[in-house]
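Student: Quick one: this structure, given as structure tokens, is what I'll be asking you about.
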Amino acid sequence: MSENSTNPEAHSNQPIGIIAGGGHLPVSLAKAVIKSGRDVFICALEGFGDRELSTFSHRWVSIQSVEEIIKHLKLANCRKIVMIGNVKRPDEISTLSSPDNAAAELLSAGGGDDQILAGIACFLAKLGFSVIGAHEIIPENLIGNAAVGRLCHTADDVGDIAKGFDVLNVMGDLDVGQAVVVCGGYVLAIEAAEGTDEMLMRVAKLRKEGVFHKTGGVLVKMPKSSQDKRFDMPVIGPVTVDLVAAAGLSGIVVQADNVLCHDRLELVTRADQLGIFVEGANPSICGKAAS
């Protein structure tokens with residue numbers, strides 16, 4: 001047995017491996033790892049990963065080549081792995097040109113995305129890797145139990161916030177989504193497969209078309225009850241703030257210490273400029289929405 005496999009301290013000098021999908025968070029994570037004094041190695045998924053990932057030690061890999069991903073992670077001497085970023089799973093394995101055996105088995109597994117990701121984590125663990133969450137590396141990017149800008153919610157928002165958390169608690173049990181928009185006690189939109197950004201665009205469209213006239217409203221976001229935060233921690237960023245403003249909402253409330261913030265400084269700047277409050281809160285002390 002090698003020294004690295006018996007000495008926990010040896011692992012601290014090994015690079016953090018990142019399997020990177022789309023969005024800016026994989027880049028932010030890689031920068032945070034480098035800043036902490038650790039090395040990083042990235043398997044950037046072709047068709048998904050940001051081109052800036054090429055500035056780090058990396059290999060571009062296909063989502064259908066799981067065995068190649070494993071090979072590169074082993075060659076880079078990675079043991080701790082973070083899976084992060086947006087990836088759209090193909091509807092059918094037949095849409096892939098030539099998936100390797102591991103990819104075919106993992107991508108064809110039944111269940112929702114959470115179950116697919118759990119299967120991948122289990123697969124990696126059997127190969128000697130440890131899958132960890134981005135929040136374990138960049139805990140400073142978690143939104144705590146407080147406002148992150150200069151604005152806070154008002155008394156008019158309390159009922160919407162409470163109802164949002166109530167709805168998400170029910171949705172989480174059904175493995176539906178992570179976000180909901182509530183205004184004046186009415187649920188305007190529930191996040192499903194389209195994601196938070198598309199949901200907010202849908203709310204903006206409803207308002208533009210005059211379907212709903214009441215002003216204000218809140219985006220509420222939290223993990224699903226059964227969600228494994230190692231690889232599917234909810235995220236908000238400056239784009240979220242822009243879309244919330246475009247949808248005519250007053251603010252964003254997330255479950256404290258359970259949602260990551262991408263580019264915190266820019267998010268706060270945009271929120272303050274646009275008059276949007278962004279807060280972390282504990283659902284258990286928000287009270288129940290009025291019936």
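The values are calculated or read from the model by the stated rules, or taken from the named source; none is laboratory data. Because the structure is predicted, anything quoted here is derived from the model rather than measured. With ideal geometry, Cβ positions are generated from the backbone for all residues, glycine too; neighbour counts draw on all protein chains shown.
To keep it simple, each residue is scored yes or no on (1) touching a residue at least 24 places away in the same chain (Cβ under 8 Å); (2) charged (D, E, K, R).
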residue: Ala193; (1), (2): no, no
residue: Asp197; (1), (2): yes, yes
residue: Val211; (1), (2): no, no
residue: Lys229; (1), (2): yes, yes
residue: Thr240; (1), (2): yes, no
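Student: Then there is this: Confirm whether Ala204 is at pLDDT 95 or above and not in a helix (DSSP H, G or I).
Tutor: no
Student: From Gly237, Gly216, grab the single residue that is closer than 22 Å to Gly23 by Cα and in the same structural domain as Ala146 (by TED's automatic domain parsing).
Tutor: Gly237
Student: In the stretch 249-266, which residues are assigned to a loop (DSSP other than H, G, I, E, B) and touching a His at 6+ places or on another chain (Cβ under 8 Å)?
Tutor: Residues satisfying the conditions are Ser250, His262, Asp263.
Student: Go through the stretch 179-196 and count every residue that is among the polar types (S, T, N, Q) and either part of a strand (DSSP E or B) or closer than 23 Å to Thr154 by Cα (or both).
Tutor: Summing the residues that are among the polar types (S, T, N, Q) and either part of a strand (DSSP E or B) or closer than 23 Å to Thr154 by Cα (or both) in the stretch 179-196 gives 0.
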